[in-house]
Amino acid sequence: MTLQDEMKKRRTFAIISHPDAGKTTMTEKLLLYGNLIRSAGTVKGKKSGKFATSDWMEIEKQRGISVTSSVMNFPYQGHQINILDTPGHEDFSEDTYRTLTAVDSVVMIIDSTKGIEAQTLKLFKVCRMRGIPIFTFINKLDREGKDPFELLDEIEEVLDIQTCPMNWPAGMGKRFLGIFNRQKEEFVRYNGDEEETIIPYTELHAHSDLTENAMFQDAKEELALLDEAGDNFSLEDVLAGEQTPVFFGSALAPFGVETFFNTFVSMAPAPGPRKSTEGVVSPDHPEFSGFIFKIQANMNPAHRDRIAFVRVCSGKFERGMEVKLSRTGKTIKLAQSQQFVASSRGTVEEAYAGDIIGIYDPNIYRIGDTLVTGKDKFEYDELPQFPPELFKKVTAKNVMKAKQFKKGLEQLVQEGAIQLFKRHRTESYILGAVGELQYEVFQYRMKNEYNVEVMLESIGERIPRWLQAEQIDESLFDEGNLLVRDREENHLVLFRNEFALNWFQEKHPDMKLIDLFEVNSYDQTT
């Protein structure tokens, strides 16, 4: 098979949603269709001791949430599927944002009982910013929820994207009868279990118990309205991120999931070209290249290992090959390489554009690093870094454990879930995070993986602004406007509030203050 053939087989996507919308349940069902697991565990199944395959960290099992982005690879109907199951918890948005740089499309799951929630909107904005095609699955139709038209209007208004329903539900909750498959012109009947009865439109007359049901008749009228007034399906618009195909169903039942997945696989884009410092790199470029979008420490607690997750962007990866780390020019042999189903992993011998592989990290990689072969020297566009919103001082409870404290701090910070800053004079450590739960996970992992208990002292919500100035007058800063340095030794100020920030800007117009979020938005749209 040629590089082009292999590339065209790949489908690499993330599943995004608000917590509890059914994202991990959906991932489980897709793994089931890929014959990877015998029975899908639901995240809530704590009493039975059966946990979702994609949730592997101990704290995830205890809380019933996904806190790290899992990666799963499997073959399906002649395609090679790479799913990134992102954390739905709102506090883990930075890891989730970065994961979106490694995919070619996303599946957005919306809870039919709640509609669009804050976290969905945040993630969706990042997808729009990057022009990623979005496929929508409206979940939990077997419960009473919002009117389907209301849900479509909400998607169009709140997310500013055209919708095109690929199927249409008849009833919901206890009165849920099934869905009309608009493409195949068939009705898929819901039987209340995993069996789906498919009835072509031409044979519906033989099912009077169904066709005479008021719910069925209402849905038929709605369908006629859609055919007349709804937006026409355009694959071109979908791939440009301007239209989202919408599917209705229930991941837990499961109902409508297989139909959705088959349609998704046929429509979703194969890996495309990517921007680099040397111009656009095509996925069928003969030389191997890829970038690191995630680093995870201690995936195997017995070995205390670190795995760097690489998105292959071009050429062919072969285990044992030598690559160059563009940032340093150093040559590295990739002898240990793996693919994953959550924490289960197998050695991967070869991979192509679109694949996600894990490589052993001897503490030399950083998030955003580019790996290349041959004479190539380029780097892929830098991964966006998102400014933290909460800040806390961190110290070890036991000063005798300073060595373990520094090691744990360094390794967990390299994973990118938390950011590390140093006070300008005292060199004391401050952690920045997007949300509170990240601190809990940090404390938990420091204790369980590095045997260090840490103390966290909040300095509250702050507004971080990076400083661009020839010389910095330290006397301008105090506890209210805190001067700190990031890991790259760049200076920034943690302002107490908006008023303090504005006052400082007025007093010192010569000092340029940089908002990292605006920089990222600008970088991606230019």
*Within the range 90-98, is even one residue more than 12 Å from the chain's Cα centre (by Cα) and either at pLDDT below 90 or buried (at least 18 other Cβ atoms within 10 Å of the Cβ) (or both)?*
yes
*Among the residues of the range 423-445, write down those that are closer than 25 Å to Ala308 by Cβ and more than 24 Å from the chain's Cα centre (by Cα).*
Tyr429
*Spot the failing condition for Val106; the list is (1) in a loop (DSSP other than H, G, I, E, B); (2) in contact with a Cys (Cβ under 6 Å, 6 or more places away or on another chain), and only one is missed.*
(1)
*Which one of these does Lys46 not meet: (1) surrounded by 24 or more Cβ atoms within 10 Å (Cβ to Cβ); (2) modelled with pLDDT under 65; (3) in contact with a Gly (Cβ under 7 Å, 6 or more places away or on another chain); (4) not acidic (Asp, Glu)?*
(1)
*Out of all the residues in the range 206-221, which are surrounded by 11 or more Cβ atoms within 10 Å (Cβ to Cβ) and assigned to a helix (DSSP H, G or I)?*
Leu210, Thr211, Met215, Phe216, Gln217, Asp218, Ala219, Lys220
*First in the range 434-450 and in contact (Cβ under 8 Å) with a residue 60 or more places away in the chain, second anywhere and hydroxyl-bearing (Ser, Thr, Tyr) and open to solvent by less than 10 Å² (accessible area, probe 1.4 Å), Cβ under 8 Å, 6 or more apart*: Val434/Ser93; Gly435/Ser93
_Among the residues of the range 408-432, what is the count of those that are surrounded by 16 or more Cβ atoms within 10 Å (Cβ to Cβ) and either hydrophobic (A, V, I, L, M, F, W, C) or assigned to a helix (DSSP H, G or I) (or both)?_
12
*May I ask you to list the residues in the range 251-288 that are part of a helix (DSSP H, G or I), of a type outside the set (Asp, Glu) and open to solvent by 70 Å² or more (accessible area, probe 1.4 Å)?*
Ser266
*Quick one: in the range 114-128, which of the residues that are at pLDDT below 75 and open to solvent by 10 Å² or more (accessible area, probe 1.4 Å) is farthest from Ser250 (Cα to Cα)?*
Lys122
*asked:* Restricting to the range 129-147, count the residues that are open to solvent by less than 10 Å² (accessible area, probe 1.4 Å) and either part of a strand (DSSP E or B) or under 12 Å from Phe248 (Cα atoms) (or both).
replied: 7
_If Asp111 meets every condition in (1) over 23 Å from Tyr190 (Cα atoms); (2) at pLDDT 75 or above apart from one, which number is that one?_
(1)
*Taking Lys324 as the residue in question, decide whether it is closer than 28 Å to Lys407 by Cα and at pLDDT 95 or above.*
yes
_Out of Glu203, Glu196, I need the residue that is open to solvent by 20 Å² or more (accessible area, probe 1.4 Å), touching a Phe, Trp or Tyr at 6+ places or on another chain (Cβ under 7 Å) and either closer than 19 Å to Phe260 by Cα or not hydrophobic (A, V, I, L, M, F, W, C) (or both). Which one?_
Glu196
*Out of (1) open to solvent by 50 Å² or more (accessible area, probe 1.4 Å); (2) in contact with a strand residue (DSSP E or B) (Cβ under 6 Å, 6 or more places away or on another chain); (3) aliphatic (A, V, I, L, M), what's the single condition that is false for Leu225?*
(2)
*For the range 470-508, what are the residues that are outside any strand (DSSP E or B) and among the polar types (S, T, N, Q)?*
Gln471, Ser475, Asn490, Asn497, Asn502, Gln505
*For the range 2-32, what are the residues that are open to solvent by less than 20 Å² (accessible area, probe 1.4 Å), among the hydroxyl-bearing types (Ser, Thr, Tyr) and over 18 Å from Thr101 (Cα atoms)?*
Thr24, Thr27
*Among all residue pairs at least 6 apart or on different chains, which show Cβ distances below 8 Å where the first residue, located in the range 208-220, is closer than 12 Å to Met172 by Cα and the second is surrounded by fewer than 16 Cβ atoms within 10 Å (Cβ to Cβ)?*
Met215/Arg175
*Quick check: anything in the range 168-185 at pLDDT 90 or above, surrounded by 21 or more Cβ atoms within 10 Å (Cβ to Cβ) and over 19 Å from Leu204 (Cα atoms)?*
yes
*Which of the residues that make up the range 397-406 are within 32 Å of the chain's Cα centre (by Cα) and among the hydrophobic types (A, V, I, L, M, F, W, C)?*
Phe405
*If you go through the range 222-236, how many residues are closer than 20 Å to Pro269 by Cβ and part of a helix (DSSP H, G or I)?*
2
*What number of residues within the range 191-205 are in a loop (DSSP other than H, G, I, E, B) and closer than 18 Å to Gly171 by Cβ?*
4
*Within the set of pairs 6 or more residues apart or between chains, which connect a residue that is among the β-branched types (Val, Ile, Thr) inside the range 396-413 to a residue that is not in a loop (DSSP other than H, G, I, E, B) with Cβ atoms less than 9 Å apart?*
Val399/Phe405; Val413/Gln419; Val413/Leu420; Val413/Leu431
*Lone unmet requirement of (1) more than 18 Å from Glu222 (Cβ to Cβ); (2) touching a strand residue (DSSP E or B) at 6+ places or on another chain (Cβ under 8 Å); (3) not small (Gly, Ala, Ser) for Glu195*: (2)
_Consider the range 361-385. How many of its residues are in contact with a Leu (Cβ under 9 Å, 6 or more places away or on another chain) and at pLDDT 85 or above?_
7
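The values are calculated or read from the model by the stated rules, or taken from the named source; none is laboratory data. Predicted model, so just to flag it, every value in this text is computed and none were measured. No Cβ is skipped: glycine too gets one built from the backbone with ideal geometry, and neighbour counts run over all protein chains shown. Areas reflect the complete protein model, heavy atoms only, side chains present, ligands, DNA and RNA absent. Shrake-Rupley method; radii C 1.70, N 1.55, O 1.52, S 1.80 Å.
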